[in-house]
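The values are calculated or read from the model by the stated rules, or taken from the named source; none is laboratory data. Just so we're clear, the structure is a prediction, and the values are computed from it rather than from any experiment. A quick note on method: Cβ atoms are made from the backbone with ideal geometry, for glycine too, and the neighbour counts reach across all protein chains shown.
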Amino acid sequence: MSNQAIARRYAKALSQIGQEQGKLTDFQQELTAIDALVLGNPDLQRLVAFPLIAPAKRAQAFNAILLQAGASDTIRKFFEVVSLAARLSLLHDIVAAYNDYVDEALGVVEAQVSTAQSLSGAQSQRLAESLGGRTGKTVRFQWRQDPSLLGGLRVQVGSTVYDASLQGQLRLLKTQLLSA
């Protein structure tokens, strides 16, 4: 089984607990803080990644760190289980998978938007409303400026691409002219 699949299982279990306790987003904030704490400290990175430390010792050390950081009992117990199973090295993957589960539960979808030029606030709002209507979900944008588009924009939501760029329109016109 791949590490991503294992991380998704742990994240799913925690998201179910979070939903039962009504703390789905609280756990997300805690996980994000823990992830940032580990990423910002080389010693913690070694503790998480180093496989030669016995899982029980790793669990004990990580629990002490989480206690000092003010983590909730549920999160501390969760990471104790993860540590004892020798899966603490999957911390970042678990956090990413948990964020996906939270987005799914809250009806949020991520859209990657490529534009030739930055959009105004009103244009961004209209785009959010339009995509929200098409997907039936709240849309979170990831913006990228792409001068090769010449004008317009290209939006990818999941595996669906909406191409309203000048380059895309020219390509469509060329296809239509060649097939006529």
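Among the listed residues ALA7, ALA11, identify the single one that is in contact with an Asp or Glu (Cβ under 7 Å, 6 or more places away or on another chain), in a helix (DSSP H, G or I) and assigned by TED's automatic domain parsing to the domain that holds ILE75.
Selected residue: ALA7, the only one of ALA7, ALA11 that is in contact with an Asp or Glu (Cβ under 7 Å, 6 or more places away or on another chain), in a helix (DSSP H, G or I) and assigned by TED's automatic domain parsing to the domain that holds ILE75.
So, in region 121-149, of the ones that are of a type in the set (Gly, Ala, Ser) and exposed (fewer than 13 other Cβ atoms within 10 Å of the Cβ), which residue ends up nearest to the chain's Cα centre (by Cα)? Top of the filtered list is GLY136. Within region 49-62, the presence of at least one residue that is assigned to a helix (DSSP H, G or I) and under 22 Å from the mean Cα position of the chain (by Cα) is confirmed.
Would you say LEU67 is over 26 Å from THR160 (Cβ atoms), part of a helix (DSSP H, G or I) and either touching a residue at least 12 places away in the same chain (Cβ under 8 Å) or among the hydroxyl-bearing types (Ser, Thr, Tyr) (or both)? So LEU67 fails the test.
Spot the failing condition for GLU129; the list is (1) in contact with a Gly (Cβ under 7 Å, 6 or more places away or on another chain); (2) part of a helix (DSSP H, G or I), and only one is missed. For GLU129, the exception is condition (1).
Condition (residue is among the hydrophobic types (A, V, I, L, M, F, W, C), assigned to a loop (DSSP other than H, G, I, E, B), modelled with pLDDT under 80 and surrounded by fewer than 15 Cβ atoms within 10 Å (Cβ to Cβ)) applied to region 84-94: is it met by at least one residue? Looking through region 84-94, none of the residues is among the hydrophobic types (A, V, I, L, M, F, W, C), assigned to a loop (DSSP other than H, G, I, E, B), modelled with pLDDT under 80 and surrounded by fewer than 15 Cβ atoms within 10 Å (Cβ to Cβ).
Residue check: is PHE78 surrounded by 18 or more Cβ atoms within 10 Å (Cβ to Cβ), more than 19 Å from the chain's Cα centre (by Cα) and in contact (Cβ under 8 Å) with a residue 24 or more places away in the chain? Here the answer is yes, as PHE78 does meet what is asked. Within region 122-148, residues that are assigned by TED's automatic domain parsing to the domain that holds SER165 and under 19 Å from SER159 (Cα atoms) have Cβ atoms under 7 Å from residues that are polar (S, T, N, Q) and surrounded by 12 or more Cβ atoms within 10 Å (Cβ to Cβ) in these pairs: GLY132/THR138; GLN142/GLN112; ARG144/GLN112; ARG144/SER114, counting only partners at least 6 apart in sequence or on another chain. In region 150-178, the qualifying residues are those that are of a type in the set (Gly, Ala, Ser) and in contact (Cβ under 8 Å) with a residue 24 or more places away in the chain, and the one that is surrounded by the most Cβ atoms within 10 Å (Cβ to Cβ) is SER165.
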